[in-house]
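Visitor: Before I ask anything, let me first share the structure, which is written out below as structure tokens.
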Amino acid sequence: MHWGVLCAAAVVPGLVAYNLPPSPTLFNQATALGLWGLVAIMLARQSAATAITAVSKAAPTVAPLLLIAVAAGHASTFGALPWTLGLSAAALVVCAATLSGIGAALRPAPSLLAACFSAWVTAGVLNSAIALLQVFASSWADGDWIARSGVAGRAVGNLRQPNHLATLLLWSAVAIVPLVESGALGRTRARRTAALALMVFTVLGITLSGSRTGLVGIAVLALWGLLDRRLSHFSRGLLLAAPLLCAASWGFTAWWASLHEAHAIGAAARLGEGDLSASRFAIWRDTLELIRAQPWLGVGFGEFNFAWSLTPLPQRPVAFFDHTHNLPLQLAVELGLPLATLVLALLGWALWQAWQRTRAITDQTGAGLRAAFVMVLLMALHSQLEYPLWYAHFLLPTAFMWGLCLGAGAPVAASAEAPPPRWPIMVGAAMVIAAVVVLIDYRRVVVIFSPPAGAAALEERIADGQRSWFFAHHADYAAATTAERPVDALAAFKRAPHHLLDTRLMIAWAQALAQSGDVDRARYIAARLREFRNPGAEEFFAPCKDAALQPPPFQCEPPQRLYTWRDFR
């Protein structure tokens, strides 16, 4: 039973290709929330601690997570962040903190660890197979069962992001090692053959993703093999061989591409791109400017995109960013330096404690716990270049495995006949119910963007979507960008811009302000939009090239006074 539930939680969220607009990952995240809720329920009997004891063992992770949850609630209570965004973020972070406590409360028997790592290896095999199909048999990718890759030559998995695919496969590669150490893969010769085949297949999938995060992770695997002398010679050799397997995979894909006159594949395709920084240096530079402007309290949780888009930054990247792509910078710009420093210090302490506690375990269980630590470490490294922890299918398992590491050591004494503690069951049930509620609530905005036959009029669908508990901001976006006269949807701009300001929304917002008589603020938004140099705004600014237009349209003139992003909340 444990293996089945853990396998489902590890595997299914990453396999869901079918999604409906407006969110490309909502089904993946809701699935992860519900299945990890089932994990909490199923593992209640394995718990060896009360809620208070579990929280105390997992305090290094629980404390910073709860601080972030409070910050999210504060941003909606006292700031301008819509409750549809603040509530969902705070609830998900609280779920993560609880899963960390559940992991810390477990008695990690070898059978439980074997089930956990077998689940991640299964996830790796299936996702590597998807990667191969996306690259070598792209006609099989129908978009419903196997996602289509939007980048020629690169695998994106069903999560539709190469770096997410790479991290999931890196977790799978890590999980092979404790299965080898425990003998779960069979007797010696069969175990080695199976382990080598799994590692080759997994590394091939990472190479096909072309993710630089994946390449860094390959180096981490080799470093683990170099430093962990408690592992068997074969396991260490397997890890040290990972870079060689990556190079061989790269050579194989290059050879295949030359035979079939195809695009460069995987890592070669990625490294062949002109901008290796993927605009990260530019967004980090802009983030530092925002931090300098508001170092103490930050811009508020979830408000980075809003503040960044509405701050004069002439050298900003062309793309619209909703995240800094770096966890420390994200916390610093949104929470302010004092609180961000506290949260990061606690997370650093949690990582150090996880390492110290897992290193102290010398028996067979120790290899499994050290593998869990490496999985957490890989996620920490990934978070320096991306924002995977903003997705439930990465945040929840990371918190759980981190809790396992922090709970390492002598288990809390518990009577074998004692009933399982109720708190994991209650939390797990709440997560399952929340996942169902989220999916039901999501339908209220899906019909706006993907209406079925016989659907109500657009205005009615938007009005119903604006009553959604978690997704009303999507309905506001539709209202703001489809209104014949944007001023008629002026109220929608209270929530919609706090999710993601893009070209369509900025044009509609500027027009709504101008039509309402607030012309100077409309000019300011137009000036910020001009900085993006986005092709989608060319028509909006086209009248500015006509000198015969007198007076010129509002978007052609600079604002008469200096505003800040706070003037638009």
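The values are calculated or read from the model by the stated rules, or taken from the named source; none is laboratory data. Bear in mind the structure is a predicted one, so any value in this text is a computation, not a measurement. Glycine gets a Cβ as well: all are built from the backbone with ideal geometry, and neighbour counts include every protein chain shown.
Okay, residues lined up against (1) more than 20 Å from the chain's Cα centre (by Cα); (2) without any contact (Cβ under 8 Å) to a residue 40 or more places away in the chain; (3) over 28 Å from A380 (Cα atoms):
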site: N127; (1), (2), (3): no, no, no
site: L132; (1), (2), (3): yes, no, no
site: F136; (1), (2), (3): yes, no, yes
site: A141; (1), (2), (3): yes, yes, yes
site: R154; (1), (2), (3): no, no, no
site: P162; (1), (2), (3): no, no, no
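Visitor: Can you name every residue in the range 346-356 that is crowded, with 20+ Cβ neighbours inside 10 Å and within 17 Å of D228 (Cβ to Cβ)?
Guide: A354
Visitor: Ok, one more. So which of A97, A131, A119 is surrounded by 19 or more Cβ atoms within 10 Å (Cβ to Cβ), assigned to a helix (DSSP H, G or I), modelled with pLDDT of 90 or more and touching a Cys at 6+ places or on another chain (Cβ under 6 Å)?
Guide: Just a single option satisfies the conditions, and that option is A119.
Visitor: Which one of R561, R528 is surrounded by 21 or more Cβ atoms within 10 Å (Cβ to Cβ) and either of a type outside the set (S, T, Y) or at pLDDT 95 or above (or both)?
Guide: Working: R561 fails: surrounded by 21 or more Cβ atoms within 10 Å (Cβ to Cβ).
Only one candidate qualifies: R528.
Visitor: Quick test for you: out of R191, R229, R236, R212, pick the one residue that is among the basic types (K, R), closer than 20 Å to F373 by Cα and surrounded by 15 or more Cβ atoms within 10 Å (Cβ to Cβ).
Guide: It is R236.
Visitor: Could you check S172 against (1) farther than 27 Å from Q364 by Cβ; (2) outside any loop (DSSP other than H, G, I, E, B) and say which number it fails?
Guide: Tallying (1) farther than 27 Å from Q364 by Cβ; (2) outside any loop (DSSP other than H, G, I, E, B), S172 fails exactly one: (1).
Visitor: Another question about this same structure. Test each condition in (1) closer than 22 Å to D363 by Cα; (2) small (G, A, S); (3) in a helix (DSSP H, G or I) for A184 and report the one that comes out false.
Guide: (3)
Visitor: Could you give every pair whose Cβ atoms fall below 7 Å, whose first residue belongs to the range 243-256 and is aliphatic (A, V, I, L, M), and whose second residue is assigned to a helix (DSSP H, G or I), counting only separations of at least 6 or pairs across chains?
Guide: As it stands, the answer is L245/M199; L245/V200; L245/V203; A254/A268, since those pairs meet every condition given.
Visitor: Looking at T84, T98, T61, T53, can you tell me which residue is more than 21 Å from W349 (Cβ to Cβ) and among the β-branched types (V, I, T)?
Guide: Numbers: T98 fails: more than 21 Å from W349 (Cβ to Cβ); T61 fails: more than 21 Å from W349 (Cβ to Cβ); T53 fails: more than 21 Å from W349 (Cβ to Cβ).
So the residue among T84, T98, T61, T53 that is more than 21 Å from W349 (Cβ to Cβ) and among the β-branched types (V, I, T) is T84.
Visitor: Same structure, new question: Every residue in the range 521-561 that is of a type in the set (A, V, I, L, M) and within 12 Å of M506 (Cα to Cα), please.
Guide: Answer for the range 521-561, where residues must be of a type in the set (A, V, I, L, M) and within 12 Å of M506 (Cα to Cα): A522, I525, A526, A527, L529, A537.
Visitor: For the range 12-21, check the following and say yes or no: at least one residue is closer than 18 Å to G428 by Cβ, touching a Phe, Trp or Tyr at 6+ places or on another chain (Cβ under 9 Å) and modelled with pLDDT of 95 or more. So that I can check it myself, show each step before the final result.
Guide: Initially, the range 12-21 is screened for residues closer than 18 Å to G428 by Cβ, giving 12-13.
From what's left, touching a Phe, Trp or Tyr at 6+ places or on another chain (Cβ under 9 Å): 13.
Applying the additional criterion that residues be modelled with pLDDT of 95 or more yields 13.
Yes: the range 12-21 contains one or more residues that are closer than 18 Å to G428 by Cβ, touching a Phe, Trp or Tyr at 6+ places or on another chain (Cβ under 9 Å) and modelled with pLDDT of 95 or more.
Visitor: Restricting to helices (runs of 4 or more DSSP H) lying wholly in the range 453-519: which have 2 or more residues that are hydroxyl-bearing (S, T, Y) and within 25 Å of L439 (Cα to Cα)?
Guide: The helices (runs of 4 or more DSSP H) meeting that bar are 472-482.
Visitor: Just to check your reading of the model, which residue among L35, L67, L15, L43 is more than 23 Å from V343 (Cβ to Cβ) and over 18 Å from the mean Cα position of the chain (by Cα)? Outline the logic, then answer.
Guide: Details: L35 fails: over 18 Å from the mean Cα position of the chain (by Cα); L67 fails: more than 23 Å from V343 (Cβ to Cβ); L15 fails: over 18 Å from the mean Cα position of the chain (by Cα).
On inspection, the qualifying residue turns out to be L43.
Visitor: To continue, here is another question. Being closer than 10 Å to A105 by Cβ, of a type outside the set (F, W, Y) and part of a helix (DSSP H, G or I) is the requirement here; does A30 meet it? Show your work before the answer.
Guide: Numbers: closer than 10 Å to A105 by Cβ: no; of a type outside the set (F, W, Y): yes; part of a helix (DSSP H, G or I): yes.
For A30, the condition - closer than 10 Å to A105 by Cβ, of a type outside the set (F, W, Y) and part of a helix (DSSP H, G or I) - is not met.
Visitor: So, one more: Among the numbered criteria (1) buried (at least 24 other Cβ atoms within 10 Å of the Cβ); (2) not in a helix (DSSP H, G or I), which single criterion is violated by I146?
Guide: (1)
Visitor: Name, by its number, the condition in (1) modelled with pLDDT under 95; (2) buried (at least 24 other Cβ atoms within 10 Å of the Cβ) that does not hold for L81.
Guide: Unmet for L81, out of (1) modelled with pLDDT under 95; (2) buried (at least 24 other Cβ atoms within 10 Å of the Cβ): (1).
Visitor: Here are the criteria: (1) over 26 Å from C405 (Cα atoms); (2) modelled with pLDDT under 95; (3) not aliphatic (A, V, I, L, M). Tell me which single one P338 does not satisfy.
Guide: (2)
Visitor: Among the candidates A345, A354, which residue alone is without any contact (Cβ under 8 Å) to a residue 24 or more places away in the chain, assigned to a helix (DSSP H, G or I) and more than 21 Å from the chain's Cα centre (by Cα)?
Guide: So the residue among A345, A354 that is without any contact (Cβ under 8 Å) to a residue 24 or more places away in the chain, assigned to a helix (DSSP H, G or I) and more than 21 Å from the chain's Cα centre (by Cα) is A345.
Visitor: Filter the range 100-110 down to the residues that are closer than 15 Å to A175 by Cβ and either free of Cβ contacts under 8 Å to residues at least 60 places away in the same chain or surrounded by fewer than 20 Cβ atoms within 10 Å (Cβ to Cβ) (or both) and list them by number.
Guide: P110
Visitor: Only one residue in A522, A492 is surrounded by 18 or more Cβ atoms within 10 Å (Cβ to Cβ) and within 27 Å of W390 (Cβ to Cβ). Which one?
Guide: Answer to the selection: A492.
Visitor: Identify all residues within the range 544-558 that are more than 18 Å from P314 (Cβ to Cβ) and either buried (at least 16 other Cβ atoms within 10 Å of the Cβ) or within 39 Å of the chain's Cα centre (by Cα) (or both); write none if there are none.
Guide: Those that are more than 18 Å from P314 (Cβ to Cβ) and either buried (at least 16 other Cβ atoms within 10 Å of the Cβ) or within 39 Å of the chain's Cα centre (by Cα) (or both): P553, F554.
Visitor: Just one of the numbered conditions (1) crowded, with 17+ Cβ neighbours inside 10 Å; (2) within 26 Å of N19 (Cα to Cα); (3) not aromatic (F, W, Y) is not true of T61; which one?
Guide: Against the list (1) crowded, with 17+ Cβ neighbours inside 10 Å; (2) within 26 Å of N19 (Cα to Cα); (3) not aromatic (F, W, Y), T61 comes up short only on (2).
Visitor: Still on this model: Select from the range 531-543 the residues that are under 21 Å from Q315 (Cβ atoms) and touching a helix residue (DSSP H, G or I) at 6+ places or on another chain (Cβ under 8 Å) and write down the one among them that is surrounded by the most Cβ atoms within 10 Å (Cβ to Cβ).
Guide: F532
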